[in-house]
Amino acid sequence: MRDEEAALDIVQDAMLKLAEKYSGRPAEELPLLFQRILQNAIRDWFRRSKVRSMWTTLLSAFGVGEDGEDFDPLETLESADESKHEPDPRTHLERSQVLALIEREIERLPARQREAFLMRYWEEMDIAETAAAMGCSEGSVKTHCSRATHTLAAALRAKGITL
């Protein structure tokens, strides 16, 4: 890992999980358990960063605000009456069409996948928070998010939108 802070967070989380879930195990089993927990945590981190990167790349293609700062295109869409004059109307039209397409595809997801996807990637909740809010296991959240991401990516590719 290149991000030292993320690496330290992953190790700390793995140590906490080991202490919480396996404190009753014999001491000789702990190193192997810790290694497995750490490997899984690292894989999870890379999977999450890959998915976030995909959506960030897609949404960042819509540009930056007038003041040069990043913006959330879903929050900045305005009706035609309220819209500010954009330098390039074609770009504005393309952005709004792609955003509308993404919103339609999200609406077509099964309810649980849509709920997990929006909580994880729009609300930026972690897996544990999402699982608690949805009343399911963390594994179910991961499954729902994975399926939603693959479904959305396939739907966007089918419509000619590539990342």
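The values are calculated or read from the model by the stated rules, or taken from the named source; none is laboratory data. These numbers come from a predicted model, not from an experiment. Don't worry about glycine lacking a Cβ; one is built from the backbone with ideal geometry, like all the others, and counts go over all protein chains shown. SASA here: full protein model, heavy atoms, side chains in, ligands and nucleic acids out. Shrake-Rupley method; radii C 1.70, N 1.55, O 1.52, S 1.80 Å.
What separates the Cα centres of region 1-54 and region 99-163 is a distance of 24 Å. Coupling constants for region 23-38 follow from the phi torsions by the Karplus curve (6.51 cos²θ - 1.76 cosθ + 1.60, θ = phi - 60°), and in residue order they are 5, x, 7, x, 4, 6, 7, 4, x, 5, 4, 4, 4, 5, 4, 5 Hz; glycine and proline get x. For region 1-43, the per residue solvent-accessible surface stands at 81 Å², with DNA, RNA and ligands left out and a 1.4 Å probe.
For GLY135, the shell of other residues with beta-carbons less than 14 Å away shows a net charge of -2, using +1 for Lys and Arg and -1 for Asp and Glu. Residue by residue, region 116-124 carries 3J(HN,Hα) couplings of 5, 4, 5, 5, 6, 9, 8, 8, 6 Hz when phi is fed to the Karplus relation 6.51 cos²θ - 1.76 cosθ + 1.60 (θ = phi - 60°); x denotes Gly or Pro.
Work through the residues other than MET119 whose Cβ is under 13 Å from its Cβ and net out their charges, Lys, Arg +1 and Asp, Glu -1.
-2
Its residue count N fixes a reference of 2.2 N^0.38 Å for region 120-163, and the Cα radius of gyration divided by that reference is 1.35. By the equivalent-ellipsoid construction on the alpha carbon gyration tensor, region 84-163 comes out with semi-axes of 29, 14, 9 Å, ordered largest to smallest.
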